[in-house]
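Participant: Let me begin by handing over the structure; questions about it come next.
Here, each number is a calculation from the coordinates, and none is a lab measurement. Keep in mind it's a predicted model, so treat the numbers as computed, not measured. Counting neighbours? That spans all protein chains shown, and the Cβs are built from the backbone with ideal geometry, glycine included.
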Amino acid sequence: MSMSLIIVVAIALALFGAAAWLFSVARGQERSEEVMTRLQAGADRPTVLFAGDSPEMAIPGVRWISHLLWRAGSEIQPRGIVLVLLGLIVFLVLVFLVMGPFVGLLINVGALLVIYLVLLQRAARRRSRIIEQLPGFLENLIRVMSAGNSLEESLSISARESDDPLRPLFTSVGRQVKLGAPIDQVLAQAGELYNLRDVKIMSLAASVNRRYGGSLRGVLKSLILAIRQRGTAARELRALTAETRFSAIILAAVPIGLTTYIYLSNPKFYDAMWSDPTGKKVLIGGVIWVLLGILILWRMVNSIGDDD
């Protein structure tokens, strides 16, 4: 493929990305003007904009990618995610055109799979740290509430005294509550976003307390006990399944190592297969199945000992 065609394709993709960005900016300004109009008109309830309500989240795939990045600890906004995705698409297309169909497909699929697995690993590690810090946070929350503070004030005070990654999570919750959002809805959104069952239980308890009254201390104390017992059971399970997880790692590494050895010892072997139509299908199918198997093994290994 000629270089001129590659340049034309790159320019077309860049123009498409610029058009999408301008569209998102216009949608954002329009939404902001609507919110200001409602506030100036004296609406009964304050209008609160959540990160998930931005116009960029309506673009297919942006919501899922945004949630994955936020779980991994990134604070990038949806508009920045759209720009990063457009740049990534341009890069993948150029790799596909420059390196050829087969090699380009392998590089693109491999790069996307590595990025996805790294983000999953970071998200799982960050979530585990949040769960480890949650009992101490809840104990501090109970102490602050015992001093006569409301649940909203106690959350903000306890969040400021916490460490990362728990502090940004509940700081964001407190910020949205100050803007007028119900605390039970904000906690439910946070629990759904980070896949934290304990935060969802806090949301349910806050909802019951807001509607019918009562004390939250007993619920929070029971939640602290349940988190610690579940963490102990998860650590014991990981110790008992260490041999199984090591076997899964070996099974994932064997196909890659064997393929690399064959290619280094006899490079013409794969060239002959690629020149044959049936061999080409076998190679493509083999790569797809190996990548799928690695992904499945990865998810299985990470699911062992999950403390939620």
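Participant: Any idea how far apart residue 291 and residue 270 come out in nm if each label point goes 7 Å out from Cα toward Cβ?
Facilitator: Taking the two extended label points, one gets 1.4 nm.
Participant: Can you compute 3J(HN,Hα) from phi for each residue in segment 87-94, using the Karplus curve 6.51 cos²θ - 1.76 cosθ + 1.60 with θ = phi - 60°, rounded to whole Hz and x for Gly and Pro?
Facilitator: Here the 3J(HN,Hα) series is x, 5, 5, 4, 5, 5, 5, 5 Hz.
Participant: So how far, in whole Å, is the C-alpha centre of segment 242-262 from the one of segment 96-167?
Facilitator: So the two Cα centres are separated by 29 Å.
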